[in-house]
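The values are calculated or read from the model by the stated rules, or taken from the named source; none is laboratory data. Just so it is clear, the model here is predicted, and its values are computed rather than measured. No Cβ is skipped: glycine too gets one built from the backbone with ideal geometry, and neighbour counts run over all protein chains shown. Quick note on the areas: whole protein, heavy atoms, side chains included, nothing else; ligands and nucleic acids left out. Shrake-Rupley method; radii C 1.70, N 1.55, O 1.52, S 1.80 Å.
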Amino acid sequence: MTVTTELADVLTAASLRWEDVAFQSGPADRPGAEAGVRLAYRIAGLAEPEKIIWVDSPVAGARAIALLGAGKPVRDAVRTGPWEQARADVHASLGPTAWPLTWSLTGGRLWDPVSRLVTQIRRSIAATEESETVAAALRASTLDAVLGQQDAPWLSLFDALGRPEVEGLVQVARAAGWWWPFERVAIVCERPAELHLDDLSRLHRADGPALLFPDGFAVHAWGGMPVPADFAASMTTLTPERIRAEDNAELRRVMLEHFGYDRYLAESGATPLHQDETGMLWRIDLPEDEPVVMVEVVNSTAEPDGTFRKYWLRVPPSTRTAREGVAWTFNLSEADYRPAHET
């Protein structure tokens, strides 16, 4: 099979739709989700669940599993079997040439950001418990979940190609979050109340939880990195001393990014390592971490008000001169960097 321009457009449009689904927040479409659950059971050849129970977060769903007499799990029949059939048929019909391109336009595009989100939710669920035994049980229960809206990578491909085996799964994913299918009961989770991402589709928020569910279960993150719940509030009172005192190297980097390298250099009384006509080389030594080395350069073109804007370029720790640092940003050696005219 050949991926025509028309098919490529269909696949790309599906990917964009499912990206919205994966990161959608706000109340679930409960009637739509419940209709999808029942359809998924029927497609699997199973009796519809006697009861559909709604929970307000994935952690609430993971805990509910231990408390309910829901019968045996039927995830393999409801999700795994139809999923594998659809994947096998799609792979066979596309062939070895069209398959990689088709995947790259749909699931391949969504895989990393969506998988990253799922991993962070699972880790945060386990972190709600101090007991390692309970935390392990919660982690295990999340592995039995059908991921609903976060099954977007594969569902974007199956939906674009109109695979009937997964129609029920598609309906639930468009309407709700994670869910757990059992013989007599299905547990279905609300979507997040809030979900904040940066321009790289990573969880990110400076003034509150980046991910928040209706029952208060939350994930705090900066640039995709989990941070303590009080971290955002502490950022307003940062000082160079507080940054240096932070033991966690990753959190320290986030603090530096928020505080500003130029401000840190100015307020910490740093002295430059080297200066030449290209700029000024600075170094920030940090405990148990590699130093931050930056070149301060001045734009040679004046701003409308007559001032000249400064820029800070992060360069490798081994950089020894400002020219070497500026050259590195152009992928050149210091000897080869000889601009005839600066703009």
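Would you work out if segment 117-203 is rounded, prolate or oblate? Take a ≥ b ≥ c from the square roots of the eigenvalues of the alpha-carbon gyration tensor; rounded if a/c is under 1.5, else prolate when a/b is larger than b/c, oblate otherwise.
Numbers: a/c = 2.34, a/b = 1.33, b/c = 1.76.
Judged from the Cα gyration tensor, segment 117-203 comes out oblate (a/c at least 1.5, b/c at or above a/b).
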Using the heavy atoms of the protein chains alone and a 1.4 angstrom probe, what is the accessible area of the chain per residue in square angstrom? 50
Gaussian network model of the chain, Cα springs within a sub-10 Å range: biggest mean-square fluctuation belongs to which of Leu251, Leu332, Leu211? Leu332
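Given Cβ point charges of +1 (Lys, Arg) and -1 (Asp, Glu) and nothing else, what value in debye, to the nearest 20, does the dipole of the chain about its Cα centre take?
Numbers: 33 positive and 49 negative charges, 171 e Å.
So the dipole magnitude of the chain works out to roughly 820 debye.
How high is the relative contact order of the chain, in percent, counting Cα pairs under 8 Å that sit 6 or more residues apart?
Working: 561 pairs, mean separation 60.8, N = 343.
Relative CO of the chain lands at 18 percent.
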In whole Hz, the Karplus estimates of ³J(HN,Hα) for segment 150-164 (6.51, -1.76, 1.60; θ = phi - 60°; x where Gly or Pro) are 8, 8, 4, x, 6, 5, 4, 5, 4, 5, 4, 9, x, 6, x
Note, ³J(HN,Hα) from phi for segment 209-224, Karplus 6.51, -1.76, 1.60, rounded to Hz, x at Gly and Pro: x, 6, 9, 9, 9, x, 8, x, 4, 9, 10, 9, 8, 9, x, x
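Counting only C-alpha contacts under 8 Å and six or more residues apart, can you give the relative contact order of segment 116-274 as a whole percent? Let's see the in-between values first.
Values: 175 pairs, mean separation 20.2, N = 159.
Over segment 116-274, the number comes to 13 percent.
Calculate the dipole size of segment 200-314 relative to its Cα centre from +1 charges on Lys and Arg beta carbons and -1 charges on Asp and Glu beta carbons; express the result in debye to the nearest 20.
Values: 11 positive and 19 negative charges, 42 e Å.
Using only the charged Cβ atoms, the result is roughly 200 debye.
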Run the simple label-point estimate for Thr2 and Val134 please: 7 Å along Cα→C-beta, distance reported in nm. 6.1
With Cα springs under 10 Å, the Gaussian network model of the chain assigns the largest mean-square fluctuation among Glu183, Glu277, Glu48 to Glu277
Once amide hydrogens are built 1.01 Å from N within the peptide plane, the residues lying 5 or more places from Trp54 or on another chain with amide H under 5 Å from its amide H are Val188
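Please compute the contact order of segment 55-155 in relative form: average sequence separation of alpha-carbon pairs under 8 Å and at least six residues apart, divided by the residue count, as a percent.
On the way: 45 pairs, mean separation 41.5, N = 101.
Relative CO of segment 55-155 lands at 41 percent.
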If you take the charge dipole of the chain about its Cα centre, with +1 on Lys and Arg Cβ and -1 on Asp and Glu Cβ, which of Val78, Phe259, Ala173 is farthest toward its positive end? Val78
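Going by the alpha-carbon gyration tensor, a ≥ b ≥ c the square roots of its eigenvalues, is segment 44-146 rounded (a/c under 1.5) or, if a/c is not under 1.5, prolate (a/b greater than b/c) versus oblate? Spell out each step's value before the answer.
Numbers: a/c = 3.03, a/b = 1.51, b/c = 2.00.
It comes out oblate by the Cα gyration axes.
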Shape verdict for segment 68-114, please, from the Cα gyration tensor: rounded (a/c under 1.5), prolate (a/b greater than b/c) or oblate. oblate
Most fluctuating residue given options Leu46, Leu273, Leu105, as computed from a GNM of the chain linking Cα atoms under 10 Å: Leu273
Put +1 on the Cβ of each Lys and Arg and -1 on the Cβ of each Asp and Glu in the chain; which of Ile187, Thr4, Gln150 then has its Cα farthest toward the positive end of the dipole? Ile187
Amide H partners (placed H, <5 Å) of His220, local residues excluded: Ala210, Val227
I'd like the Karplus ³J(HN,Hα) series for segment 306-319: coefficients 6.51, -1.76, 1.60, θ = phi - 60°, whole numbers in Hz, and an x wherever there's a Gly or Pro. x, 7, 10, 6, 9, 10, 10, 10, 6, 10, x, x, 7, 4
For mean projected area of the Cα convex hull in nm², which listed value, (1) 18.7; (2) 17.0; (3) 23.6, comes from the coordinates shown? (3)
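Magnitude of the Cβ-charge dipole of segment 77-176, K/R +1 and D/E -1, about the Cα centre, nearest 20 debye? Kindly include the intermediate steps, with their values, before the conclusion.
Values: 9 positive and 11 negative charges, 49 e Å.
The dipole of segment 77-176 has a size of about 240 debye.
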Protein accessible area in segment 189-343, 1.4 Å probe - carbon and sulfur %: 50
